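Accompanying notes for the structure given below.
The values are calculated or read from the model by the stated rules, or taken from the named source; none is laboratory data. Only a predicted model underlies this, so the values are computations on that prediction, with no experimental measurement involved. Ideal geometry is used to build each Cβ from the backbone, glycine not excepted, and the neighbour counts take in all protein chains shown.
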């Protein structure tokens, strides 16, 4: 199953052009190295409603089966990515976020402060990653082995065997 990804960097400063986006391009590169095609890559602000609307639009696209965000998962008042994600997903996939937090906590104590959310909308897997390049690299390494399987299941191409 081909992974067709959208990469969405959530950052007020990058959206205003005040800071170069380092995590989005890295995430796109990691996805390509994993065999995915990146069909769209954008930077948006942390504003809750426009962010939720953009997540909806991207997840609902027929050419996107994986939507990965970077940024906006911390404790700041402007970190709205988890709330926007919860507002648009139809079902959460908590194991992905739990696995990322558990594994990266071994390397970074602040990983326990991540509020990342993962879920499904319109047959697309939606995954929140941290906003730092280091966090993107570490968290992506955790979920990379299951992305193809998850996308295949969502497409109806792979099913778990019943006991």
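Structure above, values below:
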{"item": "Members of region 122-150 that are over 21 Å from residue 24 (Cα atoms) and touching a residue at least 24 places away in the same chain (Cβ under 8 Å)", "result": "122, 123, 150"}
{"item": "Residue tally, condition more than 13 Å from residue 127 (Cα to Cα) and within 15 Å of the chain's Cα centre (by Cα), over region 38-55", "result": "11"}
{"item": "Output for region 17-59, where each listed residue is in contact with a strand residue (DSSP E or B) (Cβ under 7 Å, 6 or more places away or on another chain), over 15 Å from residue 88 (Cβ atoms) and in a helix (DSSP H, G or I)", "result": "23, 24, 27, 28, 31, 32"}
{"item": "In region 122-148, the residues that are in contact with a strand residue (DSSP E or B) (Cβ under 7 Å, 6 or more places away or on another chain) and farther than 16 Å from residue 104 by Cα", "result": "124, 125, 126, 147"}
{"item": "Total residues in region 60-109, condition within 13 Å of the chain's Cα centre (by Cα), part of a strand (DSSP E or B) and without any contact (Cβ under 8 Å) to a residue 40 or more places away in the chain", "result": "1"}
{"item": "Residue match in region 122-134 (condition: at pLDDT 95 or above, surrounded by 14 or more Cβ atoms within 10 Å (Cβ to Cβ) and at positive phi)", "result": "yes"}
